[in-house]
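The values are calculated or read from the model by the stated rules, or taken from the named source; none is laboratory data. This structure is a prediction, so every number in the text was calculated from the model and none was measured. Here the Cβ is made from the backbone with ideal geometry for all residues, glycine too, and neighbour counts use every protein chain on show. The accessibility values were calculated without ligands, DNA or RNA, using every heavy atom of the protein model including side chains. Shrake-Rupley method; radii C 1.70, N 1.55, O 1.52, S 1.80 Å.
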Amino acid sequence: MGSVAIIFVIIFTILMAIPCAGVAWIGSRLINQLGRFPSRTPAIQLSVVLKLTVLEVVSWTLLLLFFKVLVAE
């Protein structure tokens, strides 16, 4: 039973680490662009919204698939 819990924690950690790394990467690029072009702030922020939305949808889909696999009857 203990090995199942460890596997669960590892898979869940990987599923959460991927979106967190993606947000960190997108955020660092956003800050770099804002530093280079401060007058284009709204355009830069709007370009990031679509990327973050896609990342959010993908991460929720992965979590829901993980849940469905665990609850499969």
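On the beta carbon distance between Arg36 and Glu56, with R0 = 30 Å, the FRET formula returns roughly 0.70. With Cα atoms as the point set, the chain shows a radius of gyration and Dmax of 17.1, 57 Å. With all protein chains in place and ligands, DNA and RNA left out, the 1.4 Å accessible area ranks Ser3, Ser28 as Ser3, Ser28, largest first. Output the relative contact order of the chain, whole-number percent, from Cα pairs under 8 angstrom with separation of 6+ residues. It rounds to 38 percent for the chain.
Once the 1.4 Å probe is applied to the protein heavy atoms, region 25-73 comes out at 82 Å² accessible per residue.
First compute the accessible area of region 1-65 with a 1.4 Å probe, then give the percent of it belonging to carbon and sulfur atoms. Reported share for carbon and sulfur atoms: 80 percent.
So what's the angle, to the nearest 10 degrees on a 0 to 90 scale, between helix 41-71 and the longest Cα principal axis of the chain? That helix lies at roughly 0 degrees to the long axis.
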